[in-house]
Amino acid sequence: FENMEIKEKVFNSLDAVMKPGAILASNTSTLDLNKIAEFTQRPQDVVGLHFFSPANIMKLLEVVRGEKTADDVMTTVMALSAKIRKTAVVSGVCDGFIGNRMIEELLRQAGFLIDEGASPAQIDKAMEKFGMAMGPYRVADMAGNDISYAIRQRRAVERPDLRYSEIGNRLYEAGRHGVKTGGGWYDYIPGRRDPQPSAAMEEIINKHREAI
């Protein structure tokens with residue numbers, strides 16, 4: 001969950017029960033790792049290990065080094081990443097780190113294309129033709145549209161000058177959180193991840209366009 005209050009509860013609990021020297025790693029995709037580390041009495045043992053969806057397939061692993069993350073912790077998690085056959089890329093602490101900073105802006109602009117008449121499938125096809133292994137809306141459905149919604153809610157407070165299309169909020173309100181709910185920008189057959197055309201999503205988009 002991209003929610004700092006939940007991170008605080010989890011890391012407070014871990015800090016209380018884990019043995020000294022245990023590494024506390026967060027899979028957060030955008031939150032401030034230094035702030036998460038402050039929830040513990042061992043900020044030197046806190047690190048970010050951000051896996052990308054689906055984690056069992058995607059090779060990239062962002063290793064987020066906090067302001068106080070110790071050298072031995074970094075050495076250990078880099079060795080761990082090699083052991084589980086991930087390609088580790090070290091990032092400093094910034095909003096979205098590396099991968100999500102790029103995909104968020106891509107999705108923000110893609111939302112405006114939907115406003116203007118493009119479909120999620122057209123945008124995905126164009127980006128896959130450009131060279132992406134998977135288009136941004138397929139990625140969003142894998143990661144969970146509730147996650148991107150939470151990020152936009154935080155952005156509304158921290159960056160009110162940053163404009164987004166409202167179509168992502170309409171999707172969230174309809175309960176279409178992606179593969180895990182059987183529907184997001186696309187529909188999904190239970191047990192499968194390949195996207196199917198969605199009449200329900202097309203209706204949501206059409207109503208959204210009528211309203212803007």
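The values are calculated or read from the model by the stated rules, or taken from the named source; none is laboratory data. Since the model is a prediction, treat every value here as computed from it, not as a measurement. All Cβ positions, glycine included, derive from the backbone under ideal geometry; neighbour counts span all protein chains shown. Ligands, DNA and RNA are excluded from the accessible area calculation, which covers all protein heavy atoms including side chains. Shrake-Rupley method; radii C 1.70, N 1.55, O 1.52, S 1.80 Å.
A compact table of results
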{"read-out": "Paramagnetic reach from E166 (point 7 Å along Cα→Cβ, amide N under 13 Å) across region 172-201", "value": "173"}
{"read-out": "Three principal axis lengths of region 129-190 [C-alpha, angstrom, descending]", "value": "37, 30, 15"}
{"read-out": "At R0 = 45 Å, FRET efficiency that the Cβ-Cβ distance of E158 and A55 yields, to 0.05", "value": "0.95"}
{"read-out": "Added length on full extension, which subtracts the Cα-Cα distance from 0.36 nm per residue, M102 to K9", "value": "30.6 nm"}
{"read-out": "Largest to smallest accessible area among F1, F97 [probe 1.4 Å]", "value": "F1, F97"}
{"read-out": "Gyration tensor verdict on region 101-208 (Cα atoms; rounded if a/c is under 1.5, prolate if a/b is larger than b/c, oblate otherwise)", "value": "rounded"}
{"read-out": "DSSP loop trypsin sites (Lys or Arg not before Pro) with at most 11 other Cβ within 10 Å excluded, longest remaining stretch of the chain", "value": "86-162"}
{"read-out": "Candidates per GluC sites (Glu not before Pro) in region 1-107, loop by DSSP, up to 16 other Cβ within 10 Å", "value": "E38, E67"}
{"read-out": "Relative contact order of the chain, pairs being alpha-carbon contacts under 8 Å that are 6 or more residues apart, as %", "value": "14 percent"}
{"read-out": "Per residue value of the accessible surface for region 71-153 (all protein chains in place, 1.4 Å probe), Å²", "value": "53 Å²"}
{"read-out": "Computed FRET value (nearest 0.05) for T76 with I189, which takes r as the C-beta separation and R₀ as 35 Å", "value": "0.30"}
{"read-out": "Residues in region 131-175 reached by a label modelled at E203 [backbone nitrogen below 15 Å; 7 Å Cα→Cβ]", "value": "171, 174-175"}
{"read-out": "Two-site FRET efficiency, Q196 against K129, from Cβ-Cβ distance with R₀ of 22 Å, rounded to 0.05", "value": "0.60"}
{"read-out": "Listed values (1) 20.5, 79; (2) 28.6, 88; (3) 18.6, 58, entry calculated as Rg and Dmax of the Cα atoms in Å", "value": "(3)"}
{"read-out": "Of all accessible heavy-atom area on region 1-102, the percent that carbon and sulfur account for (1.4 Å)", "value": "56 percent"}
